[in-house]
Amino acid sequence: MRIPGTKFYPAHSSNYTKGRGGNKIEWFTVHHTAANNTTLRYLWADPNRNGSSHIGVFKGYAEQYVDTSDTAWTNGRWSSNQTSITCEVTGDWRGTYYNQSTLNTLTEVMYQCLKVFPQLKLNYHKDVSIKTTLCPANLKDKGYAQDCWNKAKNRIELENTPQPATLRVDIPDKKVILIRDANVWDMSFTKFSDAKAVVRLQKGTVVDVAGVYDHPLSSTDYYLSKYSWDRNLNNGISKADCKNYTPPVPPKPPEPPKEVPPVDNPTEEASDESPTGGQGPQEPEDNDVINGKLDKILAIVTKIWEAIKGIFKIGEKDDKQN
């Protein structure tokens, strides 16, 4: 088996034995590296090392070197090797050394192994080796590894024990919007393997929230929608698939045009004046009157002309020449 969540760096074939010699896996054996290693991949890949372990646990991550179906050379006793999953934990756990991140990783590795091999029991290098050793020091002596083992087993037990979700409805009115396509779950499940999706909603769906489910199997809460509440449905949407919804602000309506106050215009008020220069209004004249005036002007011009001719004798010279 390859342990979930670990990277596999194969040990050299000269450092472990294929198979288990027909033996069943019964033990999870804890060791410590007695140094702050960040990997064991190069150590077990050395064909001259003459040793190996199944797993290496470090600060925040784990590595695997030998498949659990094969026998690693770690425990100092052949019969123990054939029945054990062996785990090296980084750090010199003698004295005052302590690292919680490493212990968290150890807990996760133990949990993954227990899921596949629920019959496993915990033991330590110093308990099985034919040679005297302090390994794994305080991982055993101060109960650190035992605490990790208990947490892993409790997690397994909780997952296998029916645990209904609890519902809180004492929440203020709120809406959420889906940030991705998401399932609506029947919250009556007591094991993840029994969880069933009722329907799938699209990203962008806005949900009125009526309550919040707290499910003991999940670190994430679930929202009960008002739709489900009104219909007495036990359905929930994972909080991880949502974010709080803020309705868009509607655009402001355009402001009405402002009234323009009338502007005083002297030319409009002076209605008794002509727009062409203050001459005042004039009545149009009749054509006969106009013609009469022209006749008078023509008669006057004629008289003036005759007078001019008499004075200057205009026309007499012409008559004599003719």
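If Trp229 meets every condition in (1) part of a helix (DSSP H, G or I); (2) closer than 30 Å to Glu108 by Cα apart from one, which number is that one?
(2)
Exactly one of (1) under 37 Å from the mean Cα position of the chain (by Cα); (2) more than 30 Å from Asn160 (Cα to Cα) is unmet by Ile55. Its number?
With respect to (1) under 37 Å from the mean Cα position of the chain (by Cα); (2) more than 30 Å from Asn160 (Cα to Cα), Ile55 is out only on (2).
Could you give every pair whose Cβ atoms fall below 7 Å, whose first residue belongs to the range 12-26 and is under 16 Å from Ser52 (Cβ atoms), and whose second residue is among the charged types (D, E, K, R), counting only separations of at least 6 or pairs across chains?
Note: pairs meeting the criteria are His12/Asp46; Asn15/Arg49; Tyr16/Asp70; Thr17/Asp70; Lys18/Asp70; Gly19/Asp70.
With in a strand (DSSP E or B), within 23 Å of Glu159 (Cα to Cα) and modelled with pLDDT of 90 or more as the only criterion, which of Val176, Val209, Val199, Val184 stands out?
Numbers: Val176 fails: within 23 Å of Glu159 (Cα to Cα); Val209 fails: within 23 Å of Glu159 (Cα to Cα); Val199 fails: within 23 Å of Glu159 (Cα to Cα).
Exactly one of Val176, Val209, Val199, Val184 is in a strand (DSSP E or B), within 23 Å of Glu159 (Cα to Cα) and modelled with pLDDT of 90 or more, namely Val184.
Is it the case that Gly76 is within 27 Å of Asn150 (Cβ to Cβ), exposed (fewer than 15 other Cβ atoms within 10 Å of the Cβ) and touching a helix residue (DSSP H, G or I) at 6+ places or on another chain (Cβ under 8 Å)?
When the stated conditions are applied, Gly76 does not pass them.
What's the number of the only condition in (1) in contact with a Cys (Cβ under 8 Å, 6 or more places away or on another chain); (2) on the phi > 0 side of the Ramachandran plot that Gly204 fails to meet?
(1)
The values are calculated or read from the model by the stated rules, or taken from the named source; none is laboratory data. Because the structure is a prediction, the values reported are computed rather than measured. Neighbour counts are summed over all protein chains in view; Cβ atoms, including those assigned to glycine, are modelled from backbone coordinates with ideal geometry.
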